[in-house]
Amino acid sequence: MTTDSEAKSTATVGADKVVSLEYVLTDPKGKELDRSADGQPLVYLHGARNIVPGLEEALVGKTTGDALEVEVPPEKGYGVSRKLKSMRMLRSKFPADADIKKGARFMMQGPEGKPMPVWVSKVMGRQVHITPEHPLAGVTLHFDVKVGEIRDATEEEKTHGHVHGPGGHDHGDEEE
Ligand code: ZN
C-alpha cells in the first residue's frame, strides 16, 4: 500500500476520477443534515453528476488530504424551491415492503411516462403525501469536505456512470 503513494499524491480531482470524500453537510443555521459515516467515506465518480454540481465544481483540481468548505447555492445544489403542491397517494399504492417515511424517495411514472423521483413529505395514516421536489430544494448547502483517495475510473464505471466496489454500487451477482 505504500508503494503507490507517489502516484496518489499527484492525482487531482477531475473527470473520470473516482474520489473518496469525508463530508459534513449543514444548513445555513448550522444544523447538521448529513455526514459520511466514520471510516466510510463517500466514493463517487467525478463528472457523472453523482454529487451536487456546486460541490463537484469546487473539488476540481483538489488532491488527497485537501480540506475545504464549500457553500453551495440552491441552483447548484438540489434546485430552487418551486413551491410545488404535494399530492396524496394511498399507502396501498406503494410496494408492500416500502419504507414509507418523511424524506423517503420513490420513483413514479411521470406525465410523459418517464420515471420521475418523488419524496414523501408527510405520512398521515393511510394517506402518503408526496412531492416532486427534493427535500433540500431551496436550501443553501454548507459542506465541510476532506478529499481522500483518488483513482482512475474503470471503463465499466465510466459506462455505468457510477462507482463499483467498496463504497460504490453493488450489482450483486454480476460482480465478483
Ligand atoms: Zn454499475
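Miscellaneous remarks
- DSSP-assigned coil residues among trypsin sites (Lys or Arg not before Pro) in the range 78-136, each with at most 15 further Cβ atoms within 10 Å: 82, 83, 85, 101, 102, 126
- Per-q log10 I(q)/I(0), the range 43-87, q = 0.24, 0.33 Å⁻¹ (Debye; single scatterer per alpha-carbon; no solvent): -0.92, -1.25
- Full extension of the segment from residue 114 to residue 38, taken as 0.36 nm per residue of separation minus the current Cα-Cα distance, would add 23.7 nm.
- In the range 84-169, GluC sites (Glu not before Pro) in a DSSP loop with at most 16 other beta-carbon atoms within 10 Å: 112
- Extents of the range 87-131, largest first, come to 30, 19, 15 Å (Cα atoms, principal axes, whole angstrom).
- Note: the chain, Cα convex hull, 163 Å³ per residue.
- Across q = 0.15, 0.21 Å⁻¹, the range 85-176 modelled as identical point scatterers on its alpha-carbon atoms has Debye log10 I(q)/I(0) values of -0.87, -1.05, in the order of the q list.
- Result for the chain in a Gaussian network model with C-alpha springs under 10 Å: among 29, 62, 146, the largest mean-square fluctuation is at 29.
- In angstrom, the C-alpha Rg and Dmax of the range 63-108 are 17.4, 48.
- Per-residue ellipticity at 222 nm, computed for the chain from helices alone with -39500 (n - 2.57) per DSSP H run of at least four residues, works out to -2500 deg cm²/dmol.
- Amide N proximity, the range 107-148 versus residue 11 label position 7 Å along Cα-to-Cβ, cut-off under 20 Å: 145-148
Quick note: the coordinates plus some simple rules give every number you see, no bench work behind them. Just so you know, these numbers come straight off a predicted model, no measurement behind them. In this analysis, Cβ positions are derived from the backbone assuming ideal geometry, glycine residues included, and neighbour counts consider all displayed protein chains.
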